[in-house]
1. State all residues of segment 99-119 that are free of Cβ contacts under 8 Å to residues at least 24 places away in the same chain and either open to solvent by less than 20 Å² (accessible area, probe 1.4 Å) or in contact with a Ser or Thr (Cβ under 8 Å, 6 or more places away or on another chain) (or both); if no residue qualifies, say none.
2. When the residues of segment 451-467 are narrowed to those that are within 30 Å of Ala539 (Cβ to Cβ) and not hydroxyl-bearing (Ser, Thr, Tyr), which ends up surrounded by the most Cβ atoms within 10 Å (Cβ to Cβ)?
3. Need a quick list: helices (runs of 4 or more DSSP H) entirely within segment 485-543 having at least 3 residues that are surrounded by 13 or more Cβ atoms within 10 Å (Cβ to Cβ).
4. If you check every pair at least six apart or on different chains, which have Cβ atoms under 7 Å apart with a residue in segment 454-479 that is over 16 Å from Gln502 (Cβ atoms) first and a residue that is among the aromatic types (Phe, Trp, Tyr) second?
5. Taking the condition farther than 30 Å from Phe131 by Cβ and either in contact with a Ser or Thr (Cβ under 6 Å, 6 or more places away or on another chain) or in contact (Cβ under 8 Å) with a residue 12 or more places away in the chain (or both), does Ser57 pass?
6. Among the numbered criteria (1) closer than 24 Å to Phe81 by Cα; (2) open to solvent by 30 Å² or more (accessible area, probe 1.4 Å); (3) at pLDDT below 95, which single criterion is violated by Ile409?
7. Which of the following residues is of a type in the set (Ser, Thr, Tyr) and under 30 Å from Arg80 (Cα atoms): Thr295, Thr341, Thr319, Thr367?
8. Which one of the conditions (1) open to solvent by 50 Å² or more (accessible area, probe 1.4 Å); (2) modelled with pLDDT under 95 does Val354 fail to meet, given that it meets all the rest?
Amino acid sequence: MTTKETTAYILKPFRSPRSKKLKAAVVFVPRLSHFDIENERSSTNEFRGFFTLFWISIFIWTVRTYIRSIETHGAPLNFRFATTLSRDARTLALTDAVLVLSTGICVPFAKAVSRGWIRYYWTGVALQHMFQTFILFAAIKWTFNRQWPWVQSGFLTLHTFTMIMKMHSYMATNGYLCYASKQSAEILNQLRGATSRVGGWERAISDAKKRREDLELEADTGSSSTGTSSSPFGTLELPEGVSTSYVQLPNAAALRRRLIQVAEPTSVPDGDKPKDVASHPLVHHPDPEISALATEYSELESELVSSGPERVRWPENITFKNFAVYQLIPTLVYELEYPRTKKIRPLYVFEKTVATFGTFALLYTTTETFILPYTNPSPEQSFARTLLDLSLPFMLAYLLLFYIIFECICNGFAELSYFADRGFYEDWWNSTSWDEFSRKWNKPVHNFLLRHVYASTISSYQFSRSRAMFVTFLLSAAAHELVMVVVTHKIRMYLFILQLIQIPLIAVGRAPAIKRNKLLGNTVFWLGLYAGFPLLCVAYVFY
């Protein structure tokens, strides 16, 4: 799909009758993030002033905090937390580098699958999951051996999950494409056999071409006689920037036939496969069996070729260079081709770098001054008072951390990798239910779960949508709880239970009475966040 300035890469849900997998709809389209200063929609939003007000208020509040700390302790910060952050930093950096480099094994694995040395279903799937499990538990074991504080342990565990999701998507997508390629070759052989009944391949191509011309001419004649558009939806409104031209219907029909003759070869040699995603000529053959086989062949072939301008065809993508670029791109869903920008903007990278360190300074100040001292309250302080003291600092820390990861770091890596889709989050702050929040606040993880857990569960195990949703939430909750186990060295299941509680809350939120009252839904959502963060902190620290 093309617009005035950009190209949208729409990955449609598709499953051939012979296919094992259902690909969930994921859309990659060139776009800017909500808080990008170059985003025209954000710059014209009537609430844009509140964004400026937020940062000015945070700056004044931080300066006030530093002044009070100087008056009380003689220094703006005590930097005890900095000592914890920097502990064993060199070993952590080397460990993280080994983790990233270890993912390179995906390339020879994909090559072995593409050459038939490993059958992906199900030998390759088993090997893939065994390797991913080994990487995860090796990283966890290493964090316990090094006795790292919660910051280092949490960072390595989360980055390990990120690398595992990237590896899984790369190997699963290439494994599926290998299967689709084999099915495509098998259908092509059946198609050749079916054409032998109607006079051979060349004769079938000629008959299909003639039938398509007849259908086009019939459609044009019908449109001319009625004097209206043949579209059942009437006249379509074109997007802004799209130009139109009008010619007489007979001339249009002649032009269309000329274009068809130029676009489609008069014959297709045996074994030739279309380089692009155009339908096979035999789709229009009058024989229903031949037409059905050609349609299925075209659909499978469209899976093997990217929809972008490069028209990358599997397995030409299986290279270390392609994998390295994919590792740099801030997405967890692998595709043959992504929408790209034309150049890297150095000032944009500088802006995101400065924003990262500046926001991190604010996050550090909030954590050291207003969170850590209250995680060890005095015995006479009540549980409710502790929650009250921690609620606002935790919310501020959450907002700052969100901004660092999804606005600064993701956009910075996207710029360096020429990745044009900056939709790493949506307007989650307007959420009226927890399922809406889970869809919007972390789009990379949401897209991964949608493609490789939710849709995969439906297609592989024939689960219903509700059961697939439960499995998706179960896996997500288990991963979050595992991070808390590594960070706190405790098995308490608090976060696991709270995440699973979201499932009945989602059902309640879908009730018509609640869906109509968006203000109430958004209020409940924000109160849940305000209460959830300090509640989890106190629960894991003291119980």
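The values are calculated or read from the model by the stated rules, or taken from the named source; none is laboratory data. Bear in mind the structure is a predicted one, so any value in this text is a computation, not a measurement. Glycine also receives a Cβ, built like all others from the backbone with ideal geometry; neighbour counts cover every protein chain displayed. Side chains are part of the model used for accessible areas, which takes the heavy atoms of the whole protein and leaves out ligands, DNA and RNA. Shrake-Rupley method; radii C 1.70, N 1.55, O 1.52, S 1.80 Å.
1. Step one: filter segment 99-119 for residues free of Cβ contacts under 8 Å to residues at least 24 places away in the same chain, giving 101, 108, 112, 115-119.
Scanning segment 99-119 gives a single hit, Ala112.
2. Of segment 451-467, the ones within 30 Å of Ala539 (Cβ to Cβ) are 453-454, 466-467.
Subset that is not hydroxyl-bearing (Ser, Thr, Tyr): 453, 467.
On the way: Val453: 20, Arg467: 13.
Among those that are within 30 Å of Ala539 (Cβ to Cβ) and not hydroxyl-bearing (Ser, Thr, Tyr), it is Val453.
3. Numbers: elements: 494-509, 512-516, 518-542.
Output list reads 494-509, 518-542.
4. Cβ pairs passing all conditions: Thr457/Phe463.
5. On the way: farther than 30 Å from Phe131 by Cβ: yes; either in contact with a Ser or Thr (Cβ under 6 Å, 6 or more places away or on another chain) or in contact (Cβ under 8 Å) with a residue 12 or more places away in the chain (or both): no.
Criteria not met by Ser57.
6. In the conditions (1) closer than 24 Å to Phe81 by Cα; (2) open to solvent by 30 Å² or more (accessible area, probe 1.4 Å); (3) at pLDDT below 95, Ile409 misses (3) alone.
7. On the way: Thr295 fails: under 30 Å from Arg80 (Cα atoms); Thr341 fails: under 30 Å from Arg80 (Cα atoms); Thr319 fails: under 30 Å from Arg80 (Cα atoms).
Matching residue, one of Thr295, Thr341, Thr319, Thr367: Thr367.
8. (2)
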